[in-house]
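Trainee: So that we are looking at the same thing, I have put the structure below in structure tokens.
What follows draws every value from the coordinates through simple rules; no lab data is involved. Keep in mind that this is a model prediction, so the values were computed, not measured. For neighbour counting, all protein chains shown are included, and Cβ atoms are generated from backbone atoms with ideal geometry for every residue, glycine included.
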Amino acid sequence: MLEKRPVILLVMAAAAIMIGTVVTVVLPFRWISAQRPAPSAQAPYNALQLEGRDIYIREGCNNCHTQTVRSVVADVLRYGEPSRAEESAFDRPFLWGSRRTGPDLARIGRKYPDQWHYAHFDNPQEFAPRSNMPSYAFLRLPLDTSLTERKMRTLGFRYTNEEIAALKGKTEMDAMVAYMQKLGIGTGKRKQ
Amino acid sequence: MEERVTYNDDIVKGFVFSGIFWGMAALLVGILISYQLIDPKLNYSPYFTYGRLRPLHTNAALFGWGIGSFMGLFFYMTERLTRSPLWSPGLARLQLYLFNITIALAGISLLAGMNRSKEYAELEWPLAIMIVVVWVIFSVNVLMTIIRRREEQMYISLWYIIATLVGVAILYVVNNLEVPVSFTKSYSAFAGTNDANVQWWYGHNAVAMVLTTPPLAIFYYFLPKSTGTPIYSHRIGIIAFWSLVFMYLWTGAHHLLWTPVPDWVQTLAMAFSIMLIAPSWGAVFNGYLSMNGQWHQMRENYLVKFLIFGISFYGLQTLQGPAQAVRTFSGFIHYTDWVPGHVHNGAMGWVSLVVFAGIYFIIPRIYRTEIHSVRLANLHFWLAFTGQLIYSVSLWTAGVQQGWMLRATNPDGSLSHTFMETVAELYPYWHARAAGGLIYLAGFAIFVWNIVMTVRSSRRQQAAEAA
């Protein structure tokens, strides 16, 4: 019957596609969003950290680094306690990644001093000779802040005018390091 | 009363040649980034770093080579299966220009760092809108051609084509919902765990609706055409069709096992992934059983070789996939090189082999000539086959080794290896992978040469006939 009716076939195929979609994608919104903390409970990102996050996205860091500690023994031993839904509740987009060419970064914040990050971005091989991470020395450029305020407003993050003004003179690497130092802070526990 | 239908083959040529062009680009970028992983000095900042090039590689392969060739082959198959000319050649021409402009702009924007970061949906919102426009123009044209068909029965390939049109539309639009900040920057409409769940519902079903239903449409059309005998069972095709389009959509969360996505969503994804073996192998068996009495053609007919090895890679892929979707195994190999090994088994083995067969079949027919060289086509086959095997086997081995090293513990329960120690072990496998890619590229270059020479010899023949 259907092999003679293309429009009905189209509608039925769309319906078949929608069933699994509704159950596994639409319904979970309730479960997941129920775990969202009040925005005040978790300070999402300040202006500098958000700019750092956007540079992380621009450079495609998520192609080599994950930001989710799985509840498997080796992950917990290596990186710290498993990631929880509320930790990324304000992350648009999520940055969990899909491949660990480099280590997971979900709990990297405050693991190393700022100076370590600057030097490591400049020349990763100085710290790990067999590392295949490219140099990001070119991030020592002035940070473009023309959209910062609009970004903070679009995401609904609180900010002050002083905070925006303080971005003057910062470099892209300053923003990246600020973002690195924020990851996993105030939410999860790093491995001791 | 037999009426002669004039098919619009110029548009088929346009899309197939565009697909081949972007396929070559995807391969070249793939080779470059495979060497960047070996030697970080090959990263030329800021535009040519691994982080910016890897999305360029996947987008060129998936949207340029994949979708481009599919559009050409879909037009070819739809016209013939409906015995009708294309509904609107003008729209198809517009679609061809828009498609190539979009892919070119996509490449430039990714190099410039305009990137939403969601895999296979990296393009910023103005380009995403262009892709939707191209897809709508394409879908309307194909559907109207089918609705106005002169052949009453719709062959199974048309079913898969229809599913592709609607499936891609739903997936792409939902996962690209964005809140723009500027013309080149936007934030996802979903946040955190929800965003992850939407993304991998999209990501895994891009595998269904871009890398499974179109090559199946191609396989079901070109296998009988190449062997000269009908498909074993139309009924198996139909049962497999409905179970495939129903079950695939439940499985996205197997990319997110052990993460904060709710456990019941993960478990459903796991169960449905295993059930998907049935429809996948329905197609594999349908292909094998169609070869009853025809297996000698594996020696004699290079098209059959591409198609049957293609469906065999599909069979391997659809056993490996469900295995990876089980929590235990996923915990072991996820985030390692096993996964790119798996992906390329599907992309370079299954999808590309079937597309090569389709292109080898249609180009001589459209140009009313023979293929320039069957020997070169056979050489292409063996280079593609060995290149792909070296690629995938080396990365599977790398994944297993790194998986073991990462979880190895000392008697006191502490980890045996630092992360860096596991990376240092991967370099030999990465060399092997890059070599596999080079072999595959050599095969692709021979393929391009063979197609170009076929077209040129046809032009010479026609000039001689006209003289």
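Trainee: Tally up the residues in the range B:381-407 that are in contact with a Leu (Cβ under 7 Å, 6 or more places away or on another chain), within 22 Å of B:Ser330 (Cβ to Cβ) and among the hydrophobic types (A, V, I, L, M, F, W, C), please. Please lay out each step first, then the result.
Mentor: Going through the range B:381-407, the residues in contact with a Leu (Cβ under 7 Å, 6 or more places away or on another chain) turn out to be B:384, B:398, B:402.
Add one more test, that the residue is within 22 Å of B:Ser330 (Cβ to Cβ), and what stays is B:398, B:402.
Add one more test, that the residue is among the hydrophobic types (A, V, I, L, M, F, W, C), and what stays is B:398.
Count: 1.
Trainee: When you go through A:Ile32, A:Ile108 one by one, which is the residue that is more than 9 Å from every other protein chain (Cβ to nearest Cβ), touching a residue at least 24 places away in the same chain (Cβ under 8 Å) and surrounded by 20 or more Cβ atoms within 10 Å (Cβ to Cβ)? It would help to see each step written out before you state the result.
Mentor: Working: A:Ile32 fails: more than 9 Å from every other protein chain (Cβ to nearest Cβ).
Answer to the selection: A:Ile108.
Trainee: Then there's this: Regarding B:Val142, is this residue buried (at least 16 other Cβ atoms within 10 Å of the Cβ), more than 9 Å from every other protein chain (Cβ to nearest Cβ), under 19 Å from the mean Cα position of the chain (by Cα) and of a type in the set (A, V, I, L, M)?
Mentor: Values: buried (at least 16 other Cβ atoms within 10 Å of the Cβ): yes; more than 9 Å from every other protein chain (Cβ to nearest Cβ): yes; under 19 Å from the mean Cα position of the chain (by Cα): no; of a type in the set (A, V, I, L, M): yes.
No; evaluated as a whole, the condition is false for this residue.
Trainee: Of B:Pro230, B:Pro262, which residue is farther than 24 Å from B:Ala61 by Cβ and more than 8 Å from every other protein chain (Cβ to nearest Cβ)? Give the derivation first.
Mentor: Details: B:Pro262 fails: more than 8 Å from every other protein chain (Cβ to nearest Cβ).
Answer to the selection: B:Pro230.
Trainee: Here is a follow-up. Restricted to the range A:167-177, and to residues that are touching a residue at least 24 places away in the same chain (Cβ under 8 Å), of a type outside the set (Ser, Thr, Tyr) and not in a helix (DSSP H, G or I), which residue is surrounded by the fewest Cβ atoms within 10 Å (Cβ to Cβ)?
Mentor: Narrowing the range A:167-177 to residues touching a residue at least 24 places away in the same chain (Cβ under 8 Å): A:167, A:169-177.
Now restrict to residues that are of a type outside the set (Ser, Thr, Tyr): A:167, A:169-170, A:172-177.
Next, only the ones that are not in a helix (DSSP H, G or I) stay: A:167, A:169-170.
Values: A:Leu167: 19, A:Gly169: 9, A:Lys170: 17.
Checked the range A:167-177; the qualifying residue surrounded by the fewest Cβ atoms within 10 Å (Cβ to Cβ) is A:Gly169.
Trainee: Among the candidates B:Trp242, B:Trp258, single out the residue that is at negative phi and of a type in the set (Phe, Trp, Tyr). Spell out how you get there, then give the answer.
Mentor: Values: B:Trp258 fails: at negative phi.
Within the list B:Trp242, B:Trp258, the selection yields B:Trp242.
Trainee: Tell me, yes or no, whether the range B:74-85 has at least one residue that is surrounded by fewer than 21 Cβ atoms within 10 Å (Cβ to Cβ), within 14 Å of chain A (Cβ to nearest Cβ) and not aliphatic (A, V, I, L, M). Give the steps one after another, and end with the answer.
Mentor: First, pick out the residues of the range B:74-85 that are surrounded by fewer than 21 Cβ atoms within 10 Å (Cβ to Cβ): B:80, B:83-85.
Among the residues that remain, those that are also within 14 Å of chain A (Cβ to nearest Cβ) are: B:84.
Subsequent filtering for residues that are not aliphatic (A, V, I, L, M) retains B:84.
Yes; the residues of the range B:74-85 include at least one that is surrounded by fewer than 21 Cβ atoms within 10 Å (Cβ to Cβ), within 14 Å of chain A (Cβ to nearest Cβ) and not aliphatic (A, V, I, L, M).
Trainee: Now for a different question. How many residues are closer than 26 Å to B:Leu123 by Cβ and not hydrophobic (A, V, I, L, M, F, W, C) when one looks only at the range A:78-98?
Mentor: The total comes to 6.
Trainee: Which is in contact with a Lys or Arg (Cβ under 7 Å, 6 or more places away or on another chain) and not polar (S, T, N, Q), of A:Met152, A:Met180, A:Met133, A:Met173?
Mentor: Result: A:Met173 is the single residue among A:Met152, A:Met180, A:Met133, A:Met173 that is in contact with a Lys or Arg (Cβ under 7 Å, 6 or more places away or on another chain) and not polar (S, T, N, Q).
Trainee: Moving on to the next point. Restricted to the range A:123-149, and to residues that are among the polar types (S, T, N, Q) and not in a loop (DSSP other than H, G, I, E, B), which residue is farthest from the other protein chains (Cβ to nearest Cβ)? Can you show your working first?
Mentor: Pass one, the range A:123-149, residues among the polar types (S, T, N, Q): A:123, A:125, A:131-132, A:135, A:145-146, A:148.
Remaining after also requiring not in a loop (DSSP other than H, G, I, E, B): A:125, A:148.
Working: A:Gln125: 7, A:Thr148: 10 Å.
If we take residues in the range A:123-149 being among the polar types (S, T, N, Q) and not in a loop (DSSP other than H, G, I, E, B), then A:Thr148 is farthest from the other protein chains (Cβ to nearest Cβ).
Trainee: Which condition breaks for B:Ala60 when tested against (1) of a type in the set (A, V, I, L, M, F, W, C); (2) under 19 Å from B:Gly437 (Cα atoms); (3) buried (at least 22 other Cβ atoms within 10 Å of the Cβ); (4) over 21 Å from the mean Cα position of the chain (by Cα)?
Mentor: (4)
Trainee: Follow-up. Within the range B:269-278, identify whether any single residue is surrounded by 19 or more Cβ atoms within 10 Å (Cβ to Cβ) and out of contact with any Ser or Thr (no Cβ under 6 Å at 6 or more places or on another chain), and answer yes or no. Step through it out loud before you land on a result.
Mentor: Residues of the range B:269-278 that are surrounded by 19 or more Cβ atoms within 10 Å (Cβ to Cβ), as a first pass: B:269-270, B:272-273, B:276.
This time we only want the ones that are out of contact with any Ser or Thr (no Cβ under 6 Å at 6 or more places or on another chain), so: B:270, B:276.
So far as the range B:269-278 goes, yes, one or more of its residues are surrounded by 19 or more Cβ atoms within 10 Å (Cβ to Cβ) and out of contact with any Ser or Thr (no Cβ under 6 Å at 6 or more places or on another chain).
Trainee: I would also like to ask the following. Tell me, which residue of the range B:145-174 that is facing chain A (nearest Cβ under 7 Å) and more than 11 Å from A:Ile17 (Cβ to Cβ) is surrounded by the most Cβ atoms within 10 Å (Cβ to Cβ)?
Mentor: If we filter the range B:145-174 for residues that are facing chain A (nearest Cβ under 7 Å), which is where we start, we get B:146-147, B:152-154, B:159, B:162-163, B:166-167, B:170.
When the remaining residues are screened for being more than 11 Å from A:Ile17 (Cβ to Cβ), the result is B:146-147, B:152-154, B:159, B:162.
Numbers: B:Ile146: 23, B:Ile147: 14, B:Glu152: 8, B:Gln153: 10, B:Met154: 20, B:Trp159: 25, B:Ile162: 27.
Once the filter is applied, the top-ranked residue is B:Ile162.
Trainee: Take the conditions in contact with a Leu (Cβ under 9 Å, 6 or more places away or on another chain), more than 23 Å from B:Pro224 (Cβ to Cβ), surrounded by fewer than 20 Cβ atoms within 10 Å (Cβ to Cβ) and of a type outside the set (A, V, I, L, M) and apply them to B:Gly331. Does it pass? Walk me through how you get there before you give the answer.
Mentor: Details: in contact with a Leu (Cβ under 9 Å, 6 or more places away or on another chain): yes; more than 23 Å from B:Pro224 (Cβ to Cβ): yes; surrounded by fewer than 20 Cβ atoms within 10 Å (Cβ to Cβ): yes; of a type outside the set (A, V, I, L, M): yes.
Taking the combined requirement at face value, the residue satisfies it.
Trainee: Oh, and also: Return the only residue of B:Leu353, B:Leu395, B:Leu415 being within 12 Å of chain A (Cβ to nearest Cβ) and crowded, with 20+ Cβ neighbours inside 10 Å.
Mentor: Details: B:Leu353 fails: within 12 Å of chain A (Cβ to nearest Cβ); B:Leu415 fails: crowded, with 20+ Cβ neighbours inside 10 Å.
The conditions single out B:Leu395.
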